[in-house]
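To keep things clear, I will list the structure first and then write my remarks on it.
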Amino acid sequence: DAITVGELAKRMGVKANDLIRELMSMGNMVTINHPLDFETAEILAAEFNYEVENVGFDEEAILNVEADGSQTEDKLEDLVERPPVVTIMGHVDHGKTSLLDAIRETNVIAGEAGGITQHIGAYDVELDGRKIAFLDTPGHEAFTAMRARGAKVTDIVVLVVAADDGVMPQTKEAINHAKAAGVPIVVAVNKIDKPGANPDKVKQELTEFELVPEEWGGDTIFVEVSAKEKINIDGLLEMILLQAEVLELKANPNKRASGAVVEARLDRGRGPVATVLVQAGTLRVGDPIVSGIHWGRVRTMINDRGEQLKEAAPSTPVEITGLSGVPDAGDTFHAVKDEKSAKEVAQHRAQKLREAELAKTSKISLEQLYARIQQGDVKELKVIIKADVQGSVEAVRESLLKLSTDECRLVVIHTAVGGITESDISLASASDAIVLGFNVRPEPKAATMAEAEGVDIRLYNIIYDAVADIKNAMEGLLAPTM
Ligand code: GDP
């Protein structure tokens, strides 16, 4: 584990005596065989302009070691089917919350009655012995915020469209967020109980987004439901399970657990409380875990019915206590060998975070585009287009797509009429895209967020200027902006 002074000197290619002298100046009287703790080694390395990685902290190795000391690997025979994880998205008032409630009420896990429902941020239901997990925070904001932190949790998006209202701006946003994440969409045409309901109109409108029902020759599953009257809720679950079968979702339950944080908060009595979704392995009470920059041991584990669990298999959402602090939604969690390892990883991450904060590493920008294409680091430039009128959106999209080269493809991941919103920035951040605005400005909150996340926003009045900028950026000819 710990590296000695001599070993560190060898790896850095400096004389052991120089290191010892440096250590002495820091107040450490040591010999060549003295073991160094991680932080001291790190400070020392920095003195000689070495980076943390050079001292050999291997986070992956710590996270992937099994009880017997072997490295984790998934053998084919270990992989078993796991339930799908679903997020519900759609335009405001189209019935996302009502649908989540209806699903929950009609399909409580068989065999238990009168359990007290806990809102822990996710729940699971059962249909004919098959489970489905639902994330309880509907909408693409939460979905993309988690994705921006690196968590890929959702297997299937259920897109809710009200049959009396049709495709609306947030419907389109939801589609683009799901597509950017590569997550398949099942369409729930809701409110079919309403007199003005016109499901065919919804289907027609969605064909424009390549969501074509099977009866029209496409491969998108459409289900007509009423969340309010609880019509065809089981039908929707059936179809989700059908889509899941196509995806062949598998996980290995026979290893240490890992997954993502769905929601977390500080509870007055219980301390930090986190709802996590187990994505692989099996999580058990007592397991030492690390999540983001926090560590601890799973002290208690409950499900959304308030039942105490001893263990949780893949795709099970559970609320746990025992962490040293409150992680962020979208942080990963890992069960590890012992609490010491958990703490080491957490502290190492905190250190990295401080460094990143200082370096303020930014996302893709037009300025660095050429260099990154040359390094082979970037093969696509992803773009979000916002404009004051639909005509400009289309004109910009068409001119931009023509700029694609063999080295760098141009991909437009979202377009809309209107100002630049926080949702645009979070999509850009999660997808490493730039945002182009034509005769529009960012909303103040969006501007602040872009600044914090290092998202490049470019504002133009003339389409030609934008096209010229991007063309120049791709060829390394962009004039630096002040
Ligand atoms: P959300 O903003 O997408 O979460 O939408 P809500 O679930 O809050 O629903 C918005 C409104 O539509 C509420 O007044 C619901 O009662 C109503 N609503 C939701 N589903 C249905 C439905 O299937 N039929 C009818 N008639 N009303 C519905």
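Report yes if some residue within segment 65-74 is modelled with pLDDT of 80 or more, open to solvent by less than 80 Å² (accessible area, probe 1.4 Å), more than 16 Å from the ligand (Cβ to nearest atom) and among the acidic types (Asp, Glu); otherwise report no. For segment 65-74, residues modelled with pLDDT of 80 or more, open to solvent by less than 80 Å² (accessible area, probe 1.4 Å), more than 16 Å from the ligand (Cβ to nearest atom) and among the acidic types (Asp, Glu): absent. Evaluation of VAL153 against the conditions (1) crowded, with 20+ Cβ neighbours inside 10 Å; (2) more than 14 Å from the chain's Cα centre (by Cα); (3) over 14 Å from LEU427 (Cβ atoms) shows that the sole unmet condition is (2).
Condition check ((1) of a type in the set (Asp, Glu); (2) open to solvent by 50 Å² or more (accessible area, probe 1.4 Å); (3) at pLDDT below 90) across all residues:
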position	(1), (2), (3)
LEU99	no, no, no
GLU105	yes, yes, yes
GLY115	no, no, yes
GLN118	no, yes, yes
ILE132	no, no, no
PRO138	no, no, yes
ARG147	no, no, yes
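Taking segment 447-460 as the range and being closer than 15 Å to ILE385 by Cβ, free of Cβ contacts under 8 Å to residues at least 40 places away in the same chain and hydrophobic (A, V, I, L, M, F, W, C) as the test, the residues that pass are ILE457, LEU459. For segment 184-199, the condition of being under 27 Å from the mean Cα position of the chain (by Cα), part of a loop (DSSP other than H, G, I, E, B), at pLDDT 95 or above and surrounded by fewer than 21 Cβ atoms within 10 Å (Cβ to Cβ) holds for at least one residue. Across segment 399-457, the number of residues qualifying as under 20 Å from ALA174 (Cβ atoms), small (Gly, Ala, Ser) and surrounded by fewer than 19 Cβ atoms within 10 Å (Cβ to Cβ) comes to 2. The single condition among (1) closer than 23 Å to VAL92 by Cα; (2) part of a loop (DSSP other than H, G, I, E, B) that PRO253 does not satisfy is (1).
Can GLN204 be described as open to solvent by 50 Å² or more (accessible area, probe 1.4 Å), within 12 Å of the ligand (Cβ to nearest atom), at negative phi and not aromatic (Phe, Trp, Tyr)?
Details: open to solvent by 50 Å² or more (accessible area, probe 1.4 Å): yes; within 12 Å of the ligand (Cβ to nearest atom): no; at negative phi: yes; not aromatic (Phe, Trp, Tyr): yes.
Judged against the criteria, GLN204 is not a match.
Listed by first and then second residue, the pairs with beta-carbon distance under 7 Å, at least 6 apart or on different chains, first residue in segment 325-346 and closer than 27 Å to PHE143 by Cβ and open to solvent by less than 40 Å² (accessible area, probe 1.4 Å), second among the charged types (D, E, K, R) and in a helix (DSSP H, G or I), are VAL345/GLU59. Within this structure, ASP18 fails the test of being modelled with pLDDT of 85 or more and either within 16 Å of the ligand (Cβ to nearest atom) or crowded, with 17+ Cβ neighbours inside 10 Å (or both).
In contact with a strand residue (DSSP E or B) (Cβ under 9 Å, 6 or more places away or on another chain) and at pLDDT below 95: which single residue out of GLU224, GLU215 fits that description? Break it down into steps so the answer makes sense when it comes.
On the way: GLU224 fails: at pLDDT below 95.
Result: GLU215 is the single residue among GLU224, GLU215 that is in contact with a strand residue (DSSP E or B) (Cβ under 9 Å, 6 or more places away or on another chain) and at pLDDT below 95.
Do you know which of the residues in segment 156-183 that are polar (S, T, N, Q) and open to solvent by less than 40 Å² (accessible area, probe 1.4 Å) is farthest from the ligand (Cβ to nearest atom)? I'd like the intermediate steps shown before the answer.
Going through segment 156-183, the residues polar (S, T, N, Q) turn out to be 170-171, 176.
Next cut, open to solvent by less than 40 Å² (accessible area, probe 1.4 Å) only: 171, 176.
Details: THR171: 11, ASN176: 18 Å.
Selected residue: ASN176.
Among the residues of segment 214-247, the ones that are without any contact (Cβ under 8 Å) to a residue 40 or more places away in the chain, surrounded by 20 or more Cβ atoms within 10 Å (Cβ to Cβ) and away from the ligand (no atom under 16 Å from the Cβ) come to 2 in all. Comparison of GLY150, GLY196 shows that the only residue that is out of contact with any helix residue (DSSP H, G or I) (no Cβ under 7 Å at 6 or more places or on another chain), farther than 26 Å from ASP219 by Cα and away from the ligand (no atom under 16 Å from the Cβ) is GLY150.
The numbered conditions (1) under 24 Å from the mean Cα position of the chain (by Cα); (2) at pLDDT 85 or above; (3) within 13 Å of the ligand (Cβ to nearest atom); (4) buried (at least 18 other Cβ atoms within 10 Å of the Cβ) are all true for VAL92 except (4). What is the one condition in (1) crowded, with 21+ Cβ neighbours inside 10 Å; (2) within 28 Å of GLY286 (Cβ to Cβ); (3) under 20 Å from the mean Cα position of the chain (by Cα) that VAL383 does not satisfy? Among (1) crowded, with 21+ Cβ neighbours inside 10 Å; (2) within 28 Å of GLY286 (Cβ to Cβ); (3) under 20 Å from the mean Cα position of the chain (by Cα), the lone unmet condition for VAL383 is (2). Of everything listed in (1) open to solvent by 60 Å² or more (accessible area, probe 1.4 Å); (2) among the acidic types (Asp, Glu); (3) not in a strand (DSSP E or B), the single unmet condition for GLU263 is (3).
The values are calculated or read from the model by the stated rules, or taken from the named source; none is laboratory data. As the structure is a computational prediction, the values presented were derived from the model and not from experiment. Note that each Cβ is placed from the backbone with ideal geometry, even for glycine, and that neighbours are counted across all protein chains shown. Side chains included, ligands, DNA and RNA excluded: accessible areas come from the protein's heavy atoms. Shrake-Rupley method; radii C 1.70, N 1.55, O 1.52, S 1.80 Å.
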